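The values are calculated or read from the model by the stated rules, or taken from the named source; none is laboratory data. What you see is a predicted model; the values in this text were computed from it and never measured. Here the Cβ positions follow ideal geometry from the backbone for every residue, glycine too, while neighbour counts run over all protein chains shown.
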Amino acid sequence: MNTTVVILFLLIVASTLIITYFAAKRTRTANEFYTAGGGLTGWQNGLAIAGDYLSAASFLGIAGSIALTGFDGFFFSIGYLVAYLVVLFIVAEPLRNLGKYTLADMINARFDAKKVRGVAALSTITIVIFYMIAQLVGAGALIQLLFNIDYWLAVLIVGVMMTIYVLFGGMTATSWVQIIKAVLLMAATVVISFIVLSKFNFNIATMFTKMKTATPLGEDFLNPGVKYKNPLDTISLMTALVLGTAGLPHILMRFFTVKDAQTARSSVMWATWIVGIFYILTVFLGFGAAAFVGSEKIVEANAAGNMAAPLLAQVLGGDFLMSFVSAVAFATILAVVSGLVLSGASAFAHDIYGQIIKKGKITERQQVLAAKYASLGVSVLSILLALFAQNMNVAFLVSLAFCIAGSANLPVIVYTIFWKRFNTAGAISAMLSGLISALVLVSISPSVFSPTEGAAIFVGNPIFPLTNPAIISVPLGFLGGYLGTVLSGKTDFVRFAEVKFRANTGYRDK
Amino acid sequence: MDHAKQEKLEVEKTKFERIIETGKFKELMDQKKKFLSPYTVFFLLFYFALPILTSYTKLLHQPAFGDINWAWIFAFAQFLMTWTLVTIYMKKSSKFDKLAADVTEEFVKKEGE
């Protein structure tokens, strides 16, 4: 570990703690804790969404995937970006208009049923836990590599930092950590991409020509099909990516931090530009790493290719750039896990404790206390899980989280807004059928069972052939909602009128 | 639920039912639907066309410009498509906002909120 890394690392830690200190003064009510008082502007929230979304998996994972598999690695970038059209067209504005702190609030604008709230909280918590373990395990492995410290210590450092931000600074601190991280990440990516491009004389055509011979894959590097050979599996993965984002609790929660639907909309616009430019640049990161680091060295550092971007930084800009990129990767992880803690805590403290157990009869002080205890609980639980999950496959956990989000949350959101006949039974069956089918199909998939020892969790033949079940489980979520509604036969057209009006106009009782 | 509360709830229920039957609200819904449905269908088709074409055909393996093949061009087109649709939506939505504000104003006036 060199001095530059340590200094940059301490700088990031110090500046985030200063933010937390100031944020803590502005975090007194539950509304301030969960949503930063709803006072973020469009560009601030757009940057924070980008900060939440560009996890270590996208920054380090996609760069590595492109470096090792060429075009197929780029599929992730495309899916993650186009997903924002689903968010913008279908989810963002009604969510802002109907909800308060959580997804369950939005669905309950129509039903006001404890069971619906309970199931929505359950699906949020499930997604948060899988996503969180993935981030923490990835973070542990990465920081272990970057700073040369033990895995458990790495997880503990990240865990303690995220707990401090959320516990003391709530959504305000979390948002600003995300904003700073997004700016740093963009700066690092732009600098590296610029140097890569300069090495190809600023000519994209030359870059592609050179890439044909730069890797062991030869011409295939530029063609689809290196990694994804099963057509249905590819399409299923793309389904999870494009539909999952609109159901991710920590992304949904960001829309409560702005004052109205217009601001929610402009934050999506900012996010699509930032996230989109970043994902375009992943091509330069990946190509650069493949050409100047070489796949052999990338695989040697980490089999999944996660070290491609830091190694590229070292080749191009020496120790300083490498240290900068490592520090940015660290900030990236901190920002994402803090957002996750908040969304998990809101499901426990607001949905389950405040609304179900206390039936909404809870004082402001109790709400804030509950939120803090829940944040602490979620943090400790996920740190413990991450310590035991060191050898879990991170990519599999992330794709599972996206898959559950698309299968359990998206159908119920769409039905709540658009379908007049939709009812309580339908809401519960939509969420449960999506959640259960995603979990069951993954547990019998090639990610869990593989005939080769060490390739998956268990040795054996997978019963379900696809790695990602979204192509089956998302339709099952919609089907479950339809059948639950039709078979139970109850209707509530009146509440639908209210939801339709509020969702489309932003009208709220004074 | 006591009687008075029940009654109030029923009055409230009907006021929302009344407002969504008004011409202005229907126009807002119509305009939104006219815009969002075709664009949503379009972007989903455009998006899934990429993995379908790359998985089942070799069409996109053909070179487009120099050594850049059509798969990359189509992939970059997804980015342009996303940004274009976002920009169009941002323009269009100011019209929705105006209609929505009108409807809300009418609602508040009528129902004496």
Q) In the range B:84-96, which residues are surrounded by 18 or more Cβ atoms within 10 Å (Cβ to Cβ) and either among the basic types (Lys, Arg) or facing chain A (nearest Cβ under 7 Å) (or both)? A) B:Leu85, B:Val86, B:Tyr89, B:Ser93
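Table: residues versus (1) over 30 Å from B:Lys34 (Cα atoms); (2) touching a strand residue (DSSP E or B) at 6+ places or on another chain (Cβ under 7 Å); (3) more than 14 Å from chain B (Cβ to nearest Cβ); (4) buried (at least 24 other Cβ atoms within 10 Å of the Cβ).
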| site | (1), (2), (3), (4) |
| --- | --- |
| A:Leu54 | yes, no, yes, yes |
| A:Ile62 | yes, no, no, yes |
| A:Ala83 | no, no, no, yes |
| A:Arg117 | yes, no, yes, yes |
| A:Leu136 | yes, no, yes, yes |
| A:Leu145 | yes, no, yes, no |
Q.
Here's a check for you: in the range A:382-404, which residue that is free of Cβ contacts under 8 Å to residues at least 12 places away in the same chain and in a helix (DSSP H, G or I) is farthest from A:Ile444 (Cα to Cα)?
A. A:Leu384
**Q.** Boolean, A:Gly73 is part of a helix (DSSP H, G or I) and within 14 Å of another protein chain (Cβ to nearest Cβ)
**A.** yes
Q: Name the residue, out of B:Ala75, B:Ala4, that is modelled with pLDDT under 95, assigned to a helix (DSSP H, G or I), over 19 Å from A:Tyr507 (Cα atoms) and among the hydrophobic types (A, V, I, L, M, F, W, C).
A: B:Ala4
(Q) Quick check on the range A:410-431. Is at least one of its residues touching a residue at least 60 places away in the same chain (Cβ under 8 Å), surrounded by fewer than 23 Cβ atoms within 10 Å (Cβ to Cβ), among the charged types (D, E, K, R) and on the phi < 0 side of the Ramachandran plot? (A) yes
Q) Scanning the range A:85-115 for residues that are aromatic (Phe, Trp, Tyr) and either in contact with a Lys or Arg (Cβ under 7 Å, 6 or more places away or on another chain) or more than 8 Å from chain B (Cβ to nearest Cβ) (or both), which turns out surrounded by the fewest Cβ atoms within 10 Å (Cβ to Cβ)? A) A:Phe111
Q. Are any of the residues in the range A:467-477 in contact with a helix residue (DSSP H, G or I) (Cβ under 8 Å, 6 or more places away or on another chain), part of a helix (DSSP H, G or I) and either of a type outside the set (A, V, I, L, M, F, W, C) or over 30 Å from A:Arg110 (Cβ atoms) (or both)?
A. yes
Q: Go through the residues of the range A:38-61 one by one and say whether even a single one is farther than 30 Å from A:Asp105 by Cβ, part of a helix (DSSP H, G or I) and not small (Gly, Ala, Ser).
A: yes
Q | Selection from the range A:320-372 of residues that are of a type in the set (Asp, Glu) and surrounded by fewer than 24 Cβ atoms within 10 Å (Cβ to Cβ) | A | A:Glu364
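Select from the range A:193-228 the residues that are farther than 24 Å from B:Leu44 by Cβ and among the basic types (Lys, Arg) and write down the one among them that is farthest from the other protein chains (Cβ to nearest Cβ).
Here the answer is A:Lys199.
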Q: Please go through the range A:278-299 and pick out each residue that is within 14 Å of chain B (Cβ to nearest Cβ), among the aromatic types (Phe, Trp, Tyr) and closer than 18 Å to A:Thr206 by Cα.
A: A:Phe284, A:Phe287
Q) Filtering the range A:458-480 down to residues that are in contact (Cβ under 8 Å) with a residue 60 or more places away in the chain and farther than 14 Å from A:Ile235 by Cα, which residue is farthest from the chain's Cα centre (by Cα)? A) A:Gly480
Q) Taking A:Val283, is it under 14 Å from A:Phe76 (Cβ atoms) and over 18 Å from the mean Cα position of the chain (by Cα)? A) yes
(Q) Given the criteria modelled with pLDDT of 85 or more, away from chain B (no Cβ under 14 Å) and either surrounded by 18 or more Cβ atoms within 10 Å (Cβ to Cβ) or part of a helix (DSSP H, G or I) (or both), does A:Val440 qualify? (A) yes
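Of these, A:Arg508, A:Arg421, which one is away from every other protein chain (no Cβ under 14 Å) and assigned to a loop (DSSP other than H, G, I, E, B)? Break it down stepwise before answering.
Details: A:Arg508 fails: away from every other protein chain (no Cβ under 14 Å).
So the residue among A:Arg508, A:Arg421 that is away from every other protein chain (no Cβ under 14 Å) and assigned to a loop (DSSP other than H, G, I, E, B) is A:Arg421.
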Q: Please verify whether the range A:231-240 includes one or more residues that are facing chain B (nearest Cβ under 10 Å), at pLDDT 90 or above and under 24 Å from A:Trp43 (Cα atoms).
A: no
Q. Cβ-Cβ below 7 Å, separation at least six or inter-chain, first residue in the range A:487-499 and outside any loop (DSSP other than H, G, I, E, B), second surrounded by fewer than 15 Cβ atoms within 10 Å (Cβ to Cβ): which pairs?
A. A:Phe493/A:Lys420; A:Phe496/A:Lys420
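Residue-wise test of (1) touching a Leu at 6+ places or on another chain (Cβ under 8 Å); (2) surrounded by fewer than 24 Cβ atoms within 10 Å (Cβ to Cβ).
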{"residue": "A:Asn31", "(1), (2)": "no, yes"}
{"residue": "A:Asn45", "(1), (2)": "no, no"}
{"residue": "A:Ser65", "(1), (2)": "no, no"}
{"residue": "A:Gly79", "(1), (2)": "yes, no"}
Q.
Can you tell me which condition A:Val258 does not meet? The list is (1) surrounded by fewer than 23 Cβ atoms within 10 Å (Cβ to Cβ); (2) more than 24 Å from A:Ile472 (Cβ to Cβ), and all the others hold.
A. (1)
**Q.** Those residues of the range A:153-205 which are at positive phi and under 20 Å from the mean Cα position of the chain (by Cα), in sequence order
**A.** A:Gly170
Q | Cβ-Cβ under 6 Å pairs, at least 6 apart or on other chains, the range A:355-379 side closer than 21 Å to A:Val158 by Cβ, far side of a type in the set (Ser, Thr, Tyr) and surrounded by 15 or more Cβ atoms within 10 Å (Cβ to Cβ) | A | A:Ser379/A:Thr163
